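**Student:** Please read through the structure below; I'll follow up with questions.
Read-outs: derived from the displayed coordinates by stated rules, not from any lab. The model shown is predicted, which means the values in this text are computed figures rather than measured ones. With ideal geometry, Cβ positions are generated from the backbone for all residues, glycine too; neighbour counts draw on all protein chains shown.
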Amino acid sequence: MNLGAMSFDQGILNLANWLGNVIMPTLAAVFIILSVLQFSKGREFAHSMYAALASLMISGLVRAMETFASQAAWNNPDLYWLSLLALIDWVANVILPVYAASQVAAMALKLGVSSLVHPTSGWLRHFLTAAFCLMLSGVLRLAEFFVTQGTGGIT
Amino acid sequence: MPTPPVLDDLISVLLLLAPSAAVLSLVLAGISLRREGTMTFTIGGGFTKWMFWAVFFVTLQPLLGWFSSFGITTPLPSGGIATGWIGSLVADISQFITGFVVQRLVPTLAAFFVLRAVLDGASGQQPLASILTAMFLLGVETTYGLLQSYNTGTPYAMADVLDSLWNHLAGTIMPLAAVLALVGAILNFATHKPFMRLVAVSLAMLTTSAIWKLVVSMM
């Protein structure tokens with residue numbers, strides 16, 4: 001065994017590559033199987049389904065995290081805050097609009113299946129979720145406005 | 001009065017055995033990494049203590065340079081060991097550490113830690129800690145070479161090596177650990193466990209140097 005050629009860094013690098021490129025795609029199949037089984041029993045299956053997608057996209061997710069963590073120079077004290085900000089910005093402006101579209105589709109399905117236009121039939125929840133997803137910045141600004149208005153205290 | 005040759009030889013023995021002591025300290029650091037329980041290390045725990053001693057032994061000679069600045073002359077013996085049996089003792093101990101401990105014992109120990117990882121998994125614990133320990137043990141020789149390459153040979157060598165080790169940890173190891181944290185986040189998400197912490201940790205691992213600068217700028 002040539003111990004002189006083995007290094008801790010290389011070991012971790014290969015471990016990360018093996019986990020990301022070999023194990024996670026294999027686990028994705030397990031998560032899909034689990035989601036199908038959970039769906040068949042009427043249980044919550046979204047977690048397994050999204051986990052399967054994330055397992056297949058692990059390289060892309062790492063690259064995304066690297067992009068979030070490269071918003072400023074490496075020695076900029078604000079880099080961690082900027083990277084968190086970029087992550088939140090990406091979730092709010094990229095992921096949530098897509099989620100809003102899925103909620104509109106869910107609302108349409110609900111209306112089509114139950115054909116009951118009533119606030120308690122569930123379609124309204126999907127509609128409001130889609131609206132909130134698209135109005136996230138506005139909701140935040142509204143909350144900020146309320147807090148700003150309240151800085152004077154109670155008179 | 002000249003230094004007695006036996007004393008010169010004893011000083012030479014101690015200095016020549018320093019590299020072996022450093023390698024042995026690295027092996028003990030690897031074992032402590034797992035014994036401390038998790039995949040991270042405890043500040044002031046066994047891992048940090050043995051790493052400190054490894055760095056100390058690597059930079060022993062430059063550290064002695066401080067005595068000169070205190071006004072105490074410390075002439076280090078040169079020209080090898082005069083007494084034959086003491087010279088062979090050093091060679092034997094060095095051969096024992098390299099040939100027996102590092103080449104034979106450490107790989108076996110690492111193999112036991114891989115076994116331990118499997119058993120960790122069986123008992124519901126994280127197997128990653130034992131795997132990382134096995135990797136650390138297998139990389140002991142290279143880690144020793146890394147410490148030597150950071151040795152500046154000045155009286156500040158010990159601090160220089162520790163500085164360089166921090167840079168290596170923050171710049172090379174942490175970005176790789178960020179990938180492992182993301183994998184952990186996905187597994188936690190799939191099993192309905194908290195995962196946001198690991199996402200935040202992953203970002204923090206990618207920006208460790210910036211967090212250090214942030215702490216410095218807060219002072």
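**Student:** List B:GLU141, A:GLU66 from most exposed to least, where exposure is judged by having the fewest other Cβ atoms within 10 Å. Don't skip to the answer; put the middle values down first.
**Tutor:** Details: B:GLU141 20, A:GLU66 15.
The most exposed by this proxy come first: A:GLU66, B:GLU141.
**Student:** Among all the aspartates and glutamates, which ones have a C-alpha under 17 Å from A:LYS110's C-alpha, if same-chain residues fewer than 8 places away are not counted?
**Tutor:** Straight-line reach from A:LYS110, under 17 Å: no aspartates and glutamates qualify.
**Student:** For B:ASN167 and B:LEU14, compute 0.36 nm times the residue count separating them, minus their Cα-Cα distance, and round to one decimal in nm. Write down the numbers at each step before the final one.
**Tutor:** Details: separation 153, 0.36 × 153 = 55.08 nm, distance 3.01 nm.
Computed gain between B:ASN167 and B:LEU14 is 52.1 nm.
**Student:** Roughly what angle does helix B:106-122 make with the longest principal axis of chain B, taking Cα atoms, 0 to 90 degrees, to the nearest 10?
**Tutor:** That helix lies at roughly 20 degrees to the long axis.
**Student:** Using only helices, what value at 222 nm comes out for chain B when you add -39,500 (n - 2.57) per DSSP H run of length 4 or more and divide by the total residues, to the nearest 500 deg cm²/dmol? The partial results should precede the final answer.
**Tutor:** Working: 11 runs with 156 residues, N = 219.
Calculated mean residue ellipticity at 222 nm is -23000 deg cm²/dmol.
**Student:** Still on this model: Cα axis of helix B:157-168 to longest principal axis of chain B: angle in degrees, 0 to 90, nearest 10?
**Tutor:** 20
**Student:** Counting other beta carbons within 10 Å of each residue's own, what order do B:HIS192, A:HIS126 fall into, fewest first?
**Tutor:** Values: B:HIS192 10, A:HIS126 20.
The fewest-first ordering by Cβ neighbours comes to B:HIS192, A:HIS126.
**Student:** Do you know the relative contact order of chain A, to the nearest whole percent, from alpha carbon pairs under 8 angstrom that are 6+ apart? Write down the numbers at each step before the final one.
**Tutor:** Numbers: 95 pairs, mean separation 20.5, N = 155.
After rounding, I find 13 percent.
**Student:** Something else: Before anything else, pin down the relative contact order of chain B: Cα pairs under 8 Å, at least 6 apart, normalised by residue count, whole percent.
**Tutor:** Numbers: 221 pairs, mean separation 46.9, N = 219.
Value for chain B: 21 percent.
**Student:** Please order B:THR172, B:THR133, B:THR73 by the number of other Cβ within 10 Å, starting at the fewest.
**Tutor:** Numbers: B:THR172 14, B:THR133 27, B:THR73 7.
By the 10 Å Cβ count, ascending: B:THR73, B:THR172, B:THR133.
**Student:** Run the quick spin-label model on B:TRP212 and A:TRP74: label points 7 Å from Cα toward the beta carbon, then report their separation in nm to one decimal.
**Tutor:** 1.0
**Student:** Still on this structure, please answer the following. Return the average number of partner chain Cβ atoms within 10 angstrom of each residue Cβ along peptide B:133-144.
**Tutor:** Across the residues of B:133-144, the mean count of other-chain Cβ atoms within 10 Å is 5.
**Student:** Provide the gained length on full extension for the span B:GLN126 to B:THR152, in nm with one decimal, where the gain is 0.36 nm per separating residue minus the Cα-Cα distance. Before the final figure, lay out each step's value.
**Tutor:** Details: separation 26, 0.36 × 26 = 9.36 nm, distance 3.86 nm.
Roughly 5.5 nm would be gained on extension.
**Student:** Charges only on Cβ, +1 for Lys and Arg, -1 for Asp and Glu: so what's the dipole of chain B about the Cα centre, in debye to the nearest 20? Present the calculation step by step, with values, prior to reporting the outcome.
**Tutor:** Details: 8 positive and 8 negative charges, 159 e Å.
Computed charge dipole of chain B: roughly 760 debye.
**Student:** Out of every Cα-Cα pair in the protein assembly as shown, what percent are more than 28 Å apart?
**Tutor:** Here the tail beyond 28 Å accounts for 62 percent of pairs.
**Student:** Additional query: Put +1 on the Cβ of each Lys and Arg and -1 on the Cβ of each Asp and Glu in the protein assembly as shown; which of A:GLY4, B:PHE56, B:PRO5 then has its Cα farthest toward the positive end of the dipole?
**Tutor:** The listed residue farthest towards the positive side: A:GLY4.
**Student:** Once the Cα gyration tensor of segment A:36-149 is diagonalised, what are the square roots of 5 times its eigenvalues, in whole Å and ordered largest first, as equivalent ellipsoid semi-axes? Please list the in-between numbers first.
**Tutor:** Working: eigenvalues 220, 112, 19 Å².
The equivalent ellipsoid of segment A:36-149 has semi-axes of 33, 24, 10 Å.
**Student:** Something else: Determine, from the Cβ-Cβ distance of A:LEU140 and B:MET196 and an R0 of 22 Å, the FRET efficiency 1/(1 + (r/R0)^6), rounded to the nearest 0.05.
**Tutor:** Working: r = 19 Å, r/R0 = 0.85.
The formula returns an efficiency of 0.75 here.
**Student:** Still on this structure, I have one more. Return the FRET efficiency for the residue pair A:ARG43, A:GLN10: r is the Cβ-Cβ distance, R0 is 51 Å, and the value is rounded to the nearest 0.05.
**Tutor:** Values: r = 43 Å, r/R0 = 0.84.
The value I calculate is 0.75.
**Student:** Could you tell me whether segment B:75-219 comes out rounded, prolate or oblate from its Cα gyration tensor? Rule is a ≥ b ≥ c as square roots of the eigenvalues, rounded for a/c under 1.5, then prolate if a/b exceeds b/c, otherwise oblate. Let's see the in-between values first.
**Tutor:** Values: a/c = 4.67, a/b = 1.50, b/c = 3.11.
In terms of gyration-tensor shape, oblate.
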